[in-house]
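One structure is given here, and the rest of the page talks about it.
The values are calculated or read from the model by the stated rules, or taken from the named source; none is laboratory data. Bear in mind that the values here come from a model prediction, so they are computed numbers and not experimental data. In this analysis, Cβ positions are derived from the backbone assuming ideal geometry, glycine residues included, and neighbour counts consider all displayed protein chains. Areas reflect the complete protein model, heavy atoms only, side chains present, ligands, DNA and RNA absent. Shrake-Rupley method; radii C 1.70, N 1.55, O 1.52, S 1.80 Å.
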Amino acid sequence: VSDDLKSRLQKIADDAMAGVELLPSQLLAAAAARRDTRRRRTIVVAVLIAVAAITITGLSVQEHRSAVGPASTSSSTMALGQQLYSSSGCAACHGARGEGGVGPRIAGGEAAKVFPNVSDEIAFIKSGSGPYAGQRYGSPTRPGGQAGPAKGIMPAFGGSLSDTQIAAIVTYERAKL
Amino acid sequence: LSGVVEFEEFYRSERDALARLCYLATLDIDAAADAAQEAMLRAWQRWGTLADGNPSGWVRTVALNLCRSRWRRIQREFRLAPRLFVRSDDLQPVGDVDLVRTLKGLSARQRQAIVLHYVVDLSVEDIAAVMRVSAGAVKQHLSRGRQALSALPLALGIGEGIL
C-alpha cells in the first residue's frame, strides 16, 4: 500500500512538474549574481522610501510648528501615534504600555535600543517580522546583543499604514512608552 | 575543478526529485520550482562546506523551509524575487483528483511529513530534523495525514491502520 501511495504521489508530481526546468548548473553563477543585484536594489529602494518618509514627516512637523507653535505640533504627532498604536494592532501584541505580550517589550527605550536608527525601525514595521523569522535582528550593540530570534508573526504594515502614520507611531513609542 | 564537477553531478541527480518533492509539499508549481531552484543555488554557493556532509539532506531542508516561508511567497507574488526557472505554458493537467484533493485538505506540515515519509522514505527522526520539529510532532502530523488518506475511496486500497 505504501508503494502504491508512493507511486501515485510521484505520478502527481511528475505530471505537475513536467513542464518546469530548473537552470542548467552552468548558469547558477549568473543567476546568483542576478538575484543578488535584484535584492540589493530592493533594499536600496526600501531605504530611500524610509529616508523620504522621515524627511517628509520632518518637513510636515516643521510646517506645522511654524503655523501653530511647537507644543501643539508635538502633541498632534504624538496623539496620532498614540491613537494608531492602539487602533492598528501594535498594542494588541506589544501591550497597551509597550510592556510586551505576544510581541516583545518595546517600552523603556527598548525600541530605540534595538533600532538606534529610526529608519531601521520604520523599515521593520513596514516589512513585518516575516523576513527575519528565526533570525536575530536589530543592533548588535544593544545590551544583550541583537533582539530575537523573530517569531515571524508580526504582519507587514507597509500596505496598510502610510509612511507618515508609521513615523508617528515610532515617534510615540520612543517618546512615551 | 573537482568541486565543480561534483556539484554538477549532485545537481543533475537531485534537482528534479527536489522540485517534485517541493511540489508535493506545496501543490503549487511556481512555489515548488522557486524553492527548489533557490535551495540549489544556495547549495552551490556553499558547496565547499556542504560537499563533505549531507548535501541532499541540507538542500531538502532548505527547500522545504522556503516552501513554508511567507516572505518568499510575498516576494514571488510581487515579483521581488526573479524567476530563475523555465516554465512551459503548456502544462499537463494533474490527474488523481481524489488524492490531490486529500493532500490539499492537509495542513502544510502534515503534507510535508507524509511526503517525506512515503516518497523520500525518511524515518520519523530524519523527518523531525528536516522539518525542525520534535519526533512527537512528526508522529502527530503523520497520524493525522494517514487518517485523511485512509478516508480516500477504495481505489487507493488503504484499509484502516494499513498505512
Right, B:Leu84: modelled with pLDDT under 90 and either open to solvent by less than 50 Å² (accessible area, probe 1.4 Å) or assigned to a helix (DSSP H, G or I) (or both) or not?
-> yes
Looking at B:Arg42, is it more than 7 Å from every other protein chain (Cβ to nearest Cβ), buried (at least 16 other Cβ atoms within 10 Å of the Cβ) and touching a residue at least 40 places away in the same chain (Cβ under 8 Å)?
-> no
Does A:Arg136 satisfy the condition of being out of contact with any strand residue (DSSP E or B) (no Cβ under 8 Å at 6 or more places or on another chain) and at pLDDT 85 or above?
-> no
Residues satisfying the stated conditions in the stretch B:22-31, i.e. more than 7 Å from chain A (Cβ to nearest Cβ) and open to solvent by less than 10 Å² (accessible area, probe 1.4 Å) | B:Cys22, B:Ala25, B:Ala31
Considering the stretch A:141-166 alone, what residues qualify as being within 22 Å of A:Val51 (Cα to Cα) and not β-branched (Val, Ile, Thr)?
-> A:Pro155, A:Ala156, A:Phe157, A:Gly158, A:Gly159, A:Ser160, A:Leu161, A:Ser162, A:Asp163, A:Gln165
The helices (runs of 4 or more DSSP H) lying wholly within the stretch A:1-93 that contain at least 3 residues that are at pLDDT below 75 are A:28-68, A:70-87
Keeping to the stretch A:101-120, report how many residues are at pLDDT 85 or above and either among the polar types (S, T, N, Q) or surrounded by 18 or more Cβ atoms within 10 Å (Cβ to Cβ) (or both).
-> 7
Residue check for A:Gly98: open to solvent by less than 40 Å² (accessible area, probe 1.4 Å) and assigned to a loop (DSSP other than H, G, I, E, B) = yes
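Between A:Ala156, A:Ala123, which is open to solvent by less than 50 Å² (accessible area, probe 1.4 Å) and closer than 24 Å to B:Ser69 by Cα?
Details: A:Ala156 fails: open to solvent by less than 50 Å² (accessible area, probe 1.4 Å).
Exactly one of A:Ala156, A:Ala123 is open to solvent by less than 50 Å² (accessible area, probe 1.4 Å) and closer than 24 Å to B:Ser69 by Cα, namely A:Ala123.
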Is at least one residue of the stretch B:43-57 at pLDDT 90 or above, in a helix (DSSP H, G or I) and touching a Cys at 6+ places or on another chain (Cβ under 8 Å)?
-> no
Is it the case that the stretch B:122-137 has a residue that's farther than 30 Å from A:Val44 by Cβ, at pLDDT below 85 and open to solvent by less than 30 Å² (accessible area, probe 1.4 Å)?
-> no
Boolean, B:Ala35 is in contact (Cβ under 8 Å) with a residue 40 or more places away in the chain, open to solvent by less than 70 Å² (accessible area, probe 1.4 Å) and under 19 Å from the mean Cα position of the chain (by Cα) = no
Test A:Ile169 against the stated conditions and say whether it is within 24 Å of A:Ala79 (Cβ to Cβ), in contact with a Phe, Trp or Tyr (Cβ under 6 Å, 6 or more places away or on another chain) and surrounded by 18 or more Cβ atoms within 10 Å (Cβ to Cβ).
-> yes
